[in-house]
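The structure appears right after this line, and notes come after that.
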Amino acid sequence: MTRLLEMRDIGKEFLGVRVLEGIDLDCDRGEVHAIVGENGAGKSTLMKILAGAYTASAGEIRIDGEPASFNHPLEAQHAGVAIIYQEFNLLPDRTVAENVFLGREPRRGMLVDRGAMEERTRELLAELAPDDPISARELVGQLPVARQQTVEIAKALSLDARILVMDEPTAALAAHEVERLFDRVRRLRERGLAVLYISHRLREVFDLAQRVTVLKDGKRVTTKPVGEVTPPELVRLMVGRELDDYFPPRAGPEGRGDLRLRLRDAGNATISGIDLDVHAGEIVGIAGLQGSGRTELARAIFGVEPLLSGTLELDGTQRRIRSPHAAIAAGVGFVTEDRKSEGLALAQPVRDNISLAWRGLRRAFRREHALGIAELARAVELRSRGLGQEVRFLSGGNQQKVVLAKWLATEPRLVIFDEPTRGIDVGARAGIHDLIRGLAKEGVAVLMISSELPEVIGMSDRVVVLRGGTIAGELAAGPSESEIMFLATGERDIAAPAAAGGGSA
Ligand code: ADP
Ligand code: MG
């Protein structure tokens, strides 16, 4: 018996960085197959390959035994693959029916047959969501998120999808809406669809799926029937390493110096009421879900979108940082999430990149010895073919080292890292972690934003968790993933499905 979907030996590289390797995945008619793994494990990338949004660098896909290779999302759609992303693909100012049939409107003669379109939409919705009637004529933009999601599913059904991918579908839902979504997914199963379901909420995996595949660092760790694995085992498979062996040792109380950064009731348009202390020698991890205000906090401190209320003190002196230029002059460095567009001049040589931030300083701030570019390159253990090499030819890890050297040249007192190892090969990550810890050891205060829980847990001397633009709580060194996720979501059941005793939830 061939499975409806078979993906074999799938690999993917982005600009030479390998993010998927040798992935096998299959899914049957009437099956919900959950895909779990830490942030950055490769789940979304694998699904985008299936949906034709990315092209695989290696491997093959078969649907119903037929080879399928998609160069465009429409090709995947024609083969019966539909994907529902976290950000929906709906037009807010069109009706439900128009969205469901967008580009494929039933016609009578030359004109769109609105009656038929609305009738068909009503049938689909009634079948999919009998408990939550949605009018076919309502504007999609007026619907709450959960109903928009139902419209997305209806659209997939109207496309005769046989394989449906849902990427973290419950991330934006309230608890009571999750139950409804489960009901929809069960109906899809009954109709014989193959459902690939990405989630980091283990309870959902055990409630919904028949099998689960664990991805880690771009590789498949295992695929198992959910009955043959317990939630704690699943967590272990997802994390899969002893954190203490992997990250550089923490500072401990004696490594902590004077108070360097002090925020009180700080806010602007996107963040509010932030009270935060960071000491010299300390790494404070900033955790939180997407949209919780992590990057906005960094941008506020760095003067990109300056604070509008509250106070910011550096080394006991109150400051108004109104621009990145002012931040740099005050001794603040910011290694941004998107080093390619914000942190580096890719077509410029290593040398010029390293002196980039330093050259922005006013003359009075420049120090002679800060210009030892070769020394800085050595300090970050840069591997390049010399200081004249263009940065775009370096690996992700070495590009990140150039960004770091650039900031070292300004002799910063506080450095903010936003997702410091995103897009960096696993092998090179440890090197970046060592450099960040080394910086703290030199007495720099470090704020480190990361979506990767093991990184936050392994690196931080304290973890501050943001939710909804403000601080949800603070945790001492070495918190558990569930403690962080609880604060990040405000939802207690999210990461502790094993609490009841290890069986399926
Ligand atoms: P997950 O969905 O499991 O959190 P992703 O598939 O989004 O993981 O990411 C896997 C890895 O691929 C990450 O290291 C991420 O930074 C990288 N990545 C994803 N998309 C791109 C892209 N368009 N360009 C470069 N790297 C990417
Ligand atoms: Mg993802």
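Could you check what % of the DSSP bridge pairs in the range 258-493 are antiparallel, to the nearest 5?
The antiparallel fraction comes to roughly 55 percent.
What's the FRET efficiency of Gln348 with Gln142 using the Cβ-Cβ distance as r and R₀ = 45 Å, to the nearest 0.05? Mind dumping the intermediate values first?
Working: r = 49 Å, r/R0 = 1.08.
With R0 = 45 Å, the Cβ-Cβ based efficiency is 0.40.
By the Stokes-Einstein formula, at 1.306 mPa s and 10 °C, the range 68-172 with its Kirkwood radius over alpha-carbon pairs has D equal to 112 µm²/s. Of all DSSP beta bridges located in the chain, what percent are antiparallel, nearest 5? Of all bridge pairs located within the chain, approximately 55 percent are antiparallel.
Across the range 5-239, the relative contact order, built from alpha-carbon pairs under 8 Å that are at least six residues apart, equals 29 percent. With 10 Å bins beginning at zero, the pair-distance distribution over Cα atoms of the range 5-239 amounts to 8, 32, 35, 19, 6, 1 %.
Projecting the Cα positions of Leu453, Val391, Leu435 onto the charge dipole of the range 258-493 (unit charges on Cβ atoms of Lys, Arg, Asp and Glu, taken about the Cα centre) puts Val391 furthest along the positive direction. Rounded to the nearest 0.05, the FRET efficiency derived from the C-beta distance between Leu111 and Glu75 at R0 = 30 Å is 0.55. Between the residues Phe88, Gly255, Leu237, the greatest Cα displacement towards the positive end of the dipole of the chain, with unit charges on the Cβ of Lys, Arg, Asp and Glu, is found for Gly255. Within the accessible surface of the chain, defined with a 1.4 Å probe on protein heavy atoms only, the carbon and sulfur portion equals 48 percent. Annotation: amide H of Val221 within the under-5 Å range of Val214, Leu215, Lys216, sequence separation 5 or more or interchain, hydrogens built in the peptide plane. Scan the chain and note any complete DSSP helix (H) whose C-alpha atoms cover at least 15 Å along its axis and whose Kyte-Doolittle average is 0.0 or more. The answer, listed by residue number, is 145-158, 426-441. Cβ-Cβ distance of Asp338 and Glu375, R₀ of 22 Å, FRET efficiency by 1/(1 + (r/R0)^6): the value works out to about 0.20.
Note that the chain, at 4 °C in a medium of 1.567 mPa s, gets a Stokes-Einstein diffusion coefficient of 52 µm²/s from its Kirkwood radius over C-alpha pairs.
Cross-linked pairs Lys12/Lys340; Lys12/Lys43; Lys155/Lys219; Lys48/Lys219; Lys43/Lys406; Lys43/Lys224: Cα-Cα separations exceed 23 Å for Lys155/Lys219; Lys43/Lys406. Charged side chains reduced to their Cβ positions (Lys and Arg at +1, Asp and Glu at -1) give the chain a dipole of some 1360 debye around its Cα centre.
Of the residues Ile484, Phe334, Ala345, the one whose Cα sits farthest toward the positive end of the charge dipole of the range 258-493, with +1 on the Cβ of Lys and Arg and -1 on the Cβ of Asp and Glu, is Ala345. Residue ranges 379-388, 95-104 sort as 95-104, 379-388 when ordered by packing (mean number of other C-beta atoms within 10 Å per residue, highest first). Per the Debye calculation on the range 123-253 with a single equal scatterer at every Cα and no solvent contribution, log₁₀ I(q)/I(0) for q = 0.17 Å⁻¹ amounts to -0.95.
When only the Cβ of Lys, Arg, Asp and Glu is charged (+1, +1, -1, -1), the dipole of the range 125-262 relative to its Cα centre reaches about 260 debye.
Going 7 Å from the Cα of Arg186 toward and past its Cβ, which residues in the range 129-172 have a backbone nitrogen under 17 Å from where you end up? Within reach of a label on Arg186, which here means backbone N under 17 Å from a point 7 Å along Cα→Cβ, the range 129-172 contributes 129-132. By the Kirkwood approach, averaging reciprocal distances over each pair of separate Cα atoms, the range 258-493 gets a hydrodynamic radius of 17.9 Å.
Suppose only helical runs count, i.e. DSSP H with n ≥ 4. What mean residue ellipticity at 222 nm does that imply for the chain under -39500 (n - 2.57) per run, divided by all residues and rounded to the nearest 500 deg cm²/dmol? Working shown, then result.
Values: 18 runs with 159 residues, N = 505.
Computed mean residue ellipticity for the chain: -9000 deg cm²/dmol.
Put a plus charge on the Cβ of each Lys and Arg, a minus charge on the Cβ of each Asp and Glu, and nothing anywhere else: the dipole of the range 392-433 about its Cα centre is then about 80 debye.
By the compact-protein rule of thumb, 2.2 N^0.38 Å, the alpha-carbon radius of gyration of the range 1-80 corresponds to a ratio of 1.06. Note that the chain presents 44 Å² accessible area per residue, ligands and nucleic acids not counted, probe 1.4 Å.
The values are calculated or read from the model by the stated rules, or taken from the named source; none is laboratory data. Everything quoted here is computed from the prediction, not taken from an experiment. No Cβ is skipped: glycine too gets one built from the backbone with ideal geometry, and neighbour counts run over all protein chains shown. Areas reflect the complete protein model, heavy atoms only, side chains present, ligands, DNA and RNA absent. Shrake-Rupley method; radii C 1.70, N 1.55, O 1.52, S 1.80 Å.
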